[in-house]
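Participant: Quick one: structure below, then a few questions.
The values are calculated or read from the model by the stated rules, or taken from the named source; none is laboratory data. What you are looking at is a predicted structure, and each value in this text was computed from that prediction instead of being measured. Reconstructed Cβ throughout: ideal geometry from the backbone, glycine too, with neighbour counts over all protein chains shown. For accessibility, only protein heavy atoms count, side chains too; no ligands or nucleic acids. Shrake-Rupley method; radii C 1.70, N 1.55, O 1.52, S 1.80 Å.
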Amino acid sequence: MRARLVLLGSKGGPAIRPGGPWPTSSLLEIGGRTVVVDCGLGVTRGLTDAGVNLKALELVFITHLHSDHVLELGPLIHTAWTAGLATAVSVFGPPGTADYWHGFLQAMKFDIDIRIIDEGRPDLRQLVDIVEFGEGDVLVEGGLRVSALRVDHPPVTDCFALRFDHAGASVVFSADTAYFPPLADFAAGADILVHEAMLAEGVDRLVARTGNGARLKEHLLASHSFAGEAGMIATAAGVGRLVLHHLIPADDPLIGEADWVAATRKSWAGALTIASDGLVVEVADDSSA
């Protein structure tokens, strides 16, 4: 059985622009499980484009509650339900995830109730289990182990890197974080480190285009990692491949893949992938077959 990672949405931040990429979400198929990591806008279409039957939705992990990571969580599950989902879905997220889900259910109460009556669907409210987590083991089940590390993403305090291990295959997601050396120990020896990345030369143009001026720039510099810093983490961790994801900026016409590679090569000499929407990355053999 092959494990694979699909980068469904590759940009950092919630804004979308004509012709640009979608916010952050990923698909990880490992140990026969279908895992969604983060649910930015576009995750539902990204999953179907990746060939996933939404009825197979079973495990969802949210790294933190910024909108570009959680905005489409409710719509994803609801759409899967309308596509025939009738089995349990477990959603793992930081404190506050249950509030989001309950708010979504309240907003969609009319539609949910009427579809149960009119179309004979199971009660969506009974299908979803919300598990709020902190640091440490999040899930240990059927040979799959998921663990979490709190990272540095001010002003958000509950933001967690996630590590997935199964039968010798391992994938780590940094979540959104400033340069955070303890992440290297957490990711040690992983086959793939999926790490957020920012390019300094694009920050001022992004701020000018988006607005909010100095405040937005201050947030970006305090809360995110430059590509070279992601390379430093990958080098210290000794990972098999570094995948730059949650790119800031991801839709600057003056920045291309070569710029990301050049910035990262200053600190990382190993296998390197620059995210784009729908890109598939093969993971090491999964010996569970």
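Participant: To the nearest 0.05, how large is the calculated FRET efficiency for residue 123 and residue 222 if R₀ is 41 Å and r is the Cβ-Cβ distance? Could the numbers behind the result be given before it?
Facilitator: Values: r = 43 Å, r/R0 = 1.06.
For R0 = 41 Å, the calculated efficiency reads 0.40.
Participant: Check the chain and count each lysine pair with an alpha-carbon distance under 25 angstrom, considering only pairs eight or more places apart or from different chains. Walk me through the numbers before you get to the answer.
Facilitator: Numbers: 11/217; 11/266; 55/109; 217/266.
Value for the chain: 4.
Participant: If you don't mind, another one. 5 Å is the cut-off here: which amide hydrogens, built 1.01 Å from N in the peptide plane, fall below it relative to residue 241, excluding neighbours closer than 5 in sequence?
Facilitator: Counting only residues 5 or more places away or on other chains, the set is 192, 193.
Participant: Okay, moving on. Apply the Karplus parameterisation 6.51 cos²θ - 1.76 cosθ + 1.60, with θ equal to phi minus 60°, to every residue of segment 59-69 and state each ³J(HN,Hα) to the nearest whole Hz, in sequence, with x for glycine and proline.
Facilitator: 10, 10, 10, 10, 6, 6, 9, 4, 4, 6, 10
Participant: I would also like to ask the following. Once ligands and nucleic acids are excluded and a 1.4 Å probe is used, how much of residue 121 is accessible, expressed in Å² to the nearest 10?
Facilitator: 60 Å²
Participant: How many angstrom lie between the Cα centre of segment 127-168 and the Cα centre of segment 226-269?
Facilitator: After rounding, the separation between the Cα centres reads 24 Å.
Participant: Run the numbers for residue 113 and residue 261: contour at 0.36 nm per residue of separation, minus the present Cα-Cα distance, in nm. Could the numbers behind the result be given before it?
Facilitator: Numbers: separation 148, 0.36 × 148 = 53.28 nm, distance 5.05 nm.
Full extension of this stretch gives 48.2 nm more.
Participant: Then there's this: Considering only protein heavy atoms and a 1.4 Å probe, what is the carbon-and-sulfur percentage of the accessible area of the chain?
Facilitator: On the way: 6390 of 11690 Å².
That share works out to 55 percent.
Participant: Given a 1.4 Å probe, how much area per residue of segment 1-92 is accessible, in Å²? Working shown, then result.
Facilitator: Working: 2920 Å² over 92 residues.
Accessible surface, normalised per residue, equals 32 Å².
Participant: What do you get for the angle between helix 73-82 and the principal long axis of the chain? Use alpha-carbon atoms, 0 to 90 degrees, nearest ten.
Facilitator: Computed tilt is about 40 degrees.
Participant: Rounded to the nearest 500 deg cm²/dmol, what is the calculated helix-only ellipticity per residue at 222 nm for the chain, with -39500 (n - 2.57) per DSSP H run of length n ≥ 4? Working shown, then result.
Facilitator: Working: 10 runs with 89 residues, N = 289.
It lands at -8500 deg cm²/dmol.
Participant: Still on this model: Could you tell me how many cubic angstrom of Cα convex hull volume the chain has per residue? Spell out each step's value before the answer.
Facilitator: Details: hull volume 35.9 nm³, N = 289.
Convex hull volume per residue, Cα atoms: 124 Å³.
Participant: Could you state the angle between the C-alpha long axis of helix 109-119 and the longest principal axis of the C-alpha atoms of the chain, as a value from 0 to 90 degrees rounded to the nearest 10?
Facilitator: 50 degrees
Participant: OK, next. Looking only at 71, 193, 144, which one moves most when the chain is put into a Gaussian network model with springs between Cα atoms under 10 Å?
Facilitator: Looking only at 71, 193, 144, the biggest GNM fluctuation is shown by 144.
Participant: Amide H to amide H, which residues 5 or more places from residue 198 or on other chains are under 5 Å from it, using H placed in the peptide plane?
Facilitator: 225, 226, 227, 248
Participant: Pick out which of 185, 277, 152 has the largest mean-square fluctuation in a Gaussian network model of the chain, springs linking Cα atoms closer than 10 Å.
Facilitator: 185
Participant: Once amide H atoms are built 1.01 Å from N in the peptide plane, which residues 5 or more positions from residue 65, or in another chain, come under 5 Å H to H?
Facilitator: none
Participant: What number comes out for accessible area per residue over segment 171-246 if the probe is 1.4 Å? Units Å², please. Mind showing how you got there, number by number?
Facilitator: Working: 2740 Å² over 76 residues.
For segment 171-246, the per-residue accessible area is 36 Å².
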